[in-house]
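J.: One structure, as structure tokens, below. Some questions next.
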2 protein chains.
Amino acid sequence: MSAKIKLLLTELETNQLDSMLVTSPANVYYLSNYLTDPHERVVAVYVSAAHDPVLILPAMEAEDAKNAGWTHAMIDYHDHEDPWELFLAFLTNSGKIPKNLGVEEDNLTLSRFNKVKGILPTTEISQAQEILSKLRVIKNEQEYELLKKAAELADFGVQTGINALKEGISELEVIATIEYELKKKGVQAMSFSTMVLFGHKTASPHGTPGTAKLQKGDMVLFDLGVIFEGYCSDITRTVAFQAINDEQKKIYHTVLEGQLKAIEASKLGNAVGNIDKAARDHIDANGYGEYFNHRIGHGLGLETHEYPSLHGNNTLPLQNGVCFTIEPGIYVPKVAGVRIEDMIFMTENGAEILTKFPKELQIIK
Amino acid sequence: MSAKIKLLLTELETNQLDSMLVTSPANVYYLSNYLTDPHERVVAVYVSAAHDPVLILPAMEAEDAKNAGWTHAMIDYHDHEDPWELFLAFLTNSGKIPKNLGVEEDNLTLSRFNKVKGILPTTEISQAQEILSKLRVIKNEQEYELLKKAAELADFGVQTGINALKEGISELEVIATIEYELKKKGVQAMSFSTMVLFGHKTASPHGTPGTAKLQKGDMVLFDLGVIFEGYCSDITRTVAFQAINDEQKKIYHTVLEGQLKAIEASKLGNAVGNIDKAARDHIDANGYGEYFNHRIGHGLGLETHEYPSLHGNNTLPLQNGVCFTIEPGIYVPKVAGVRIEDMIFMTENGAEILTKFPKELQIIK
């Protein structure tokens, strides 16, 4: 049994649970080393104090899971079969119906919850998402190395995007170039839809890239990341193309100083809400408070956005081994949006910045 | 109020519901014309017989939603705020607490369901996913046109991939080329992770592309699709590179004949399970039954995989306006995997094949 599953069993016991049904693809990967995107099909790891773990998955993926290193039992079902019925048959045969079962309440849908309740009417079902989140939030040395490598590839992606800038190129063409070069380096997937925005579109934090053409005086915002052996990176840089006006320059420097203050506040033991506050106070003081309309950042690892959420009201203290983003932004409609984002890894020596791409204002010629 | 929302209200009334809280991004888009990937944040459309609809979304996306055409009320929240509290305040102010609320049980997570129950303790909450699925399954003329355009782009993707094949190229390099050319044509996103597999890897229906190099005698499997204005395409083609052996050839022709038989079975009124059966009987009869280990296909539209599931036990009759895939496959470990997939649109005149890329066996020189 893997060290991670053993640790989970210990934590379950501490929480008076004898078992857990893990259904989110990220947590299934964390526990089984089997990475899959099952779409609407069920994939789950059932962990129990009573016997070895079991992997539930579509029959057509059984070989892939074995190749990924899964050596325990499997319930592999065909599309016309009901995986929950097969799971119940397995539990009934083993004679070990769980008494206190944990589930991931932020992932399990209402219909699946009802299925589980339906097959296990005598089992008490509890919300146990946080148990796994708290295990995953502390990254080990191997995870640190993967995140660092993912961050390096994100740096490369930004550099590739900047190199591609020229008058008349479109946002989607720049994205195509970035992803082409990353895939040639062996990257299998981006960690989210690559964002490249020009000009006024930068003022939309979740804007959609299109066929807009690059013009002199545009700000250009890159927000991208890759998945490297399951681990996600996330970086944002904003540059000016050929020219910049005074207000855009002021916005840029306000964001950058706010970001540096937030990094400075990233100390072991400090509440994550204070990281948000450090940047927000600076941006407020410079008159742009209303234009910084999102939290300072989020945890990342197997998912691009994971526990914890770094919003102003979160009192969670920073611990050694936590990885998160710091990404303040100012978005002034019709003027410009600027966001600067780094990945931070907390070590005993303080905050290490995993993304290394320069942050000084660049005016691309 | 949009025609779609009016239709939903009528269906809700038929189902004794006075309101529905719609939380899946696809259904939010369907009702609001606002397409977003909110990650872990809440985005919802609240539809009620008592007043105009309301869109709940992050404050930073409010402008985007207005630009997409949303003209009704919005509850836009900041990251440190609880959208459910704001929603309750809205309902309390309006004096219209719902009595019978529908939710999407295949999308709503257990934690969100508990939040909704928490703020609305006197409301009866019912599973209403199918109401929207049944609206969405019948596509109108405009949706047909978008699906057709998405299918054309998928055809182009396969052609681009085949053009890129040469000895020594890697699976990821072929994917990079396909996506580069599609993005240059204005495609903002693929509808799922593009799959290109070489040689023995084709025998894994959900295999992961990597840096494997193309060699003479490899089968090459392409499975890809794009999102065009929100609508998804999905095509699979398998070709041989420079040479093919007799067993691979037999597998190819068995899949192709099975696929053609399934298309022939796609008649208005026929149960979708019979489409699966048509291909499966043929593949069984040729001795490959155990190697066709998934259903024949799935509905598609705003999602790549949506209602209905075309598995052998599904008795749902085919209706005019339904769009789905037909994609039998035979996967023989160490020999080859072959899958051939088309998008089918049901019209009054029968099945129209939206993906047009040729299906005769191609040996690429």
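J.: Can you flag which of A:LYS334/B:LYS149; A:LYS66/A:LYS148; B:LYS139/B:LYS356; A:LYS249/B:LYS185; A:LYS4/A:LYS96; B:LYS4/B:LYS99 are past 24 Å Cα-Cα? Let's see the in-between values first.
T.: On the way: A:LYS334/B:LYS149 33 Å; A:LYS66/A:LYS148 28 Å; B:LYS139/B:LYS356 20 Å; A:LYS249/B:LYS185 34 Å; A:LYS4/A:LYS96 22 Å; B:LYS4/B:LYS99 22 Å.
Cα-Cα > 24 Å for A:LYS334/B:LYS149; A:LYS66/A:LYS148; A:LYS249/B:LYS185; rest within.
J.: Could you list which residues have their amide H under 5 Å from that of B:VAL332, counting only those 5 or more apart in sequence or on another chain, with H placed in the peptide plane?
T.: Here the answer is B:GLY337, B:VAL338, since their amide H atoms fall under 5 Å of that of B:VAL332.
J.: Ok, one more. Tell me, what are the semi-axes, in whole angstrom and largest first, of the equivalent ellipsoid of segment B:141-364 as set by the roots of 5 times the Cα gyration tensor eigenvalues?
T.: Numbers: eigenvalues 139, 102, 32 Å².
Ellipsoid semi-axes (Å, largest first): 26, 23, 13.
J.: Name the residues whose placed amide hydrogens come within less than 5 Å of the amide hydrogen of A:ILE169, ignoring near sequence neighbours (fewer than 5 apart) on the same chain.
T.: A:LEU214
J.: Okay, moving on. Quick one: plug the Kirkwood hydrodynamic radius of segment B:3-136 (C-alpha pairs) into Stokes-Einstein at 37 °C, 0.692 mPa s, and report D in µm²/s. Numbers along the way, then the final one.
T.: Values: Rh = 14.8 Å.
D = 222 µm²/s.
J.: With +1 on each Lys and Arg Cβ and -1 on each Asp and Glu Cβ, how big is the dipole of segment A:141-364 about its Cα centre, in debye rounded to the nearest 20? Before the final figure, lay out each step's value.
T.: Working: 21 positive and 30 negative charges, 115 e Å.
Value, rounded to 20: 560 debye.
J.: Same structure again: Using the Cα centre of segment B:13-168 as the reference point, and only Cβ charges (+1 on K/R, -1 on D/E), how large is the resulting charge dipole? Debye, rounded to the nearest 20. Walk me through the numbers on the way to the answer.
T.: Numbers: 13 positive and 24 negative charges, 57 e Å.
That gives a dipole near 280 debye.
J.: Follow-up. Placing +1 on the Cβ of each Lys and Arg and -1 on the Cβ of each Asp and Glu in segment A:141-364, which of A:GLY210, A:TYR231, A:GLY157 has its Cα farthest towards the positive end of the resulting dipole?
T.: A:GLY210
J.: Tell me, what HN-Hα J-couplings in whole Hz come from the Karplus equation 6.51 cos²θ - 1.76 cosθ + 1.60 at θ = phi - 60° for each residue of segment B:323-334, using x for Gly and Pro?
T.: 10, 7, 9, 10, 8, x, x, 10, 10, 9, x, 6
J.: Provide an ascending nm list, one decimal, of label-point separations from A:LYS6 to the equivalent residue in each further copy; define each label point as 7 Å from Cα along Cα→Cβ.
T.: Copy-to-copy label distances at A:LYS6, shortest first: 6.6 nm.
J.: Could you give me the percent of Cα pairs per 10 Å distance bin for segment B:212-280, shortest bin first, beginning at zero and ending with the bin that holds the maximum distance?
T.: Going from the shortest bin to the longest, the percentages are 17, 32, 34, 15, 2.
J.: For chain B, what does the helix formula give at 222 nm: sum of -39500 (n - 2.57) over DSSP H segments with n ≥ 4, over the residue count, nearest 500 deg cm²/dmol?
T.: Values: 10 runs with 128 residues, N = 365.
Mean residue ellipticity, 222 nm, calculated: -11000 deg cm²/dmol.
J.: Let me ask something else. Please give the residues from segment A:60-92 for which the solvent-accessible area of heavy atoms, probe 1.4 Å, is smaller by at least 10 Å² with all protein chains in place than with the chain isolated.
T.: Those residues are A:MET60, A:GLU61, A:ASP64, A:HIS78, A:ASP79, A:HIS80.
J.: Cut-off 10 angstrom, C-alpha nodes, Gaussian network model of chain B. Which of B:ALA73, B:ALA262, B:ALA212 fluctuates the most?
T.: Among B:ALA73, B:ALA262, B:ALA212, the largest GNM mean-square fluctuation belongs to B:ALA73.
J.: Treating the point 7 Å from Cα along Cα-beta-carbon as the label, what are the nm separations from B:GLY289 to the other copies, to one decimal?
T.: 7.2
J.: What is the magnitude of the charge dipole of the protein assembly as shown about its Cα centre, with +1 placed on the Cβ of each Lys and Arg, -1 on the Cβ of each Asp and Glu, and no other charges, expressed in debye to the nearest 20?
T.: Values: 68 positive and 98 negative charges, 186 e Å.
Approximately 900 debye in magnitude.
J.: Let me know the volume per residue of the alpha-carbon convex hull for the protein assembly as shown, in Å³. Before the final figure, lay out each step's value.
T.: Working: hull volume 113.3 nm³, N = 730.
Roughly 155 Å³ of hull volume per residue.
J.: With a ≥ b ≥ c the root eigenvalues of the C-alpha gyration tensor of segment B:213-340, is it rounded (a/c under 1.5), prolate (a/b larger than b/c) or oblate?
T.: Working: a/c = 2.60, a/b = 1.40, b/c = 1.86.
Oblate.
J.: Determine ³J(HN,Hα), in whole Hz, for all residues of segment B:30-40 in sequence, where each value follows from phi through the Karplus function 6.51 cos²θ - 1.76 cosθ + 1.60 and θ = phi - 60°; x replaces Gly and Pro.
T.: Per-residue couplings from phi come out as 4, 8, 10, 6, 9, 9, 8, 10, x, 6, 7 Hz.
J.: Where Lys and Arg each count +1 and Asp and Glu each count -1, what net charge lies around A:LEU214 among other residues with Cβ under 10 Å from its Cβ?
T.: Working: positive: A:LYS166, A:LYS213, A:LYS216; negative: A:GLU167, A:GLU171, A:GLU173, A:ASP218.
Neighbour charge sum, excluding A:LEU214 itself: -1.
J.: Between segment A:44-70 and segment B:258-330, what is the C-alpha centre distance in whole Å?
T.: A separation of 28 Å, based on Cα centres.
J.: Here's something else I'd like to know. Once the label point is set 7 Å along the Cα-to-beta-carbon vector, what list of distances in nm do you get between B:GLY321 and its counterparts in the other copies?
T.: Distances between equivalent label points, in nm: 5.5.
J.: What residue among B:ASN93, B:ASN163, B:ASN313 shows peak mean-square fluctuation when chain B is described by a Gaussian network model with Cα springs under 10 Å?
T.: B:ASN93
J.: What range in chain B is the longest one free of GluC sites (Glu not before Pro) that are in a loop by DSSP and have at most 10 other Cβ atoms within 10 angstrom?
T.: Details: sites that count: B:GLU348, B:GLU360.
With GluC sites (Glu not before Pro) excluded where exposed in loops, chain B gives B:1-347 as its longest stretch.
J.: Test of understanding: in a Gaussian network model of chain A with alpha carbons linked when under 10 Å, which of A:ILE244, A:ILE296, A:ILE353 would top the mean-square fluctuation ranking?
T.: Per the Cα network of chain A with a 10 Å cutoff, A:ILE244 tops the list.
J.: By Cβ position, which chain B residue lies least far from the axis that rotates chain B onto chain A, and what is the distance to the nearest whole angstrom?
T.: Minimum Cβ distance to the axis, with residue: B:TYR180, 2.
J.: Report the antiparallel proportion of the DSSP beta bridges in chain A as a percent, rounded to a multiple of 5. Walk me through the numbers before you get to the answer.
T.: Working: 41 of 55 bridges.
Around 75 percent of the beta bridges assigned by DSSP in chain A are antiparallel ones.
The values are calculated or read from the model by the stated rules, or taken from the named source; none is laboratory data. This one's a predicted model, so the numbers in the text were calculated from it and none came from an experiment. For neighbour counting, all protein chains shown are included, and Cβ atoms are generated from backbone atoms with ideal geometry for every residue, glycine included. Areas reflect the complete protein model, heavy atoms only, side chains present, ligands, DNA and RNA absent. Shrake-Rupley method; radii C 1.70, N 1.55, O 1.52, S 1.80 Å.
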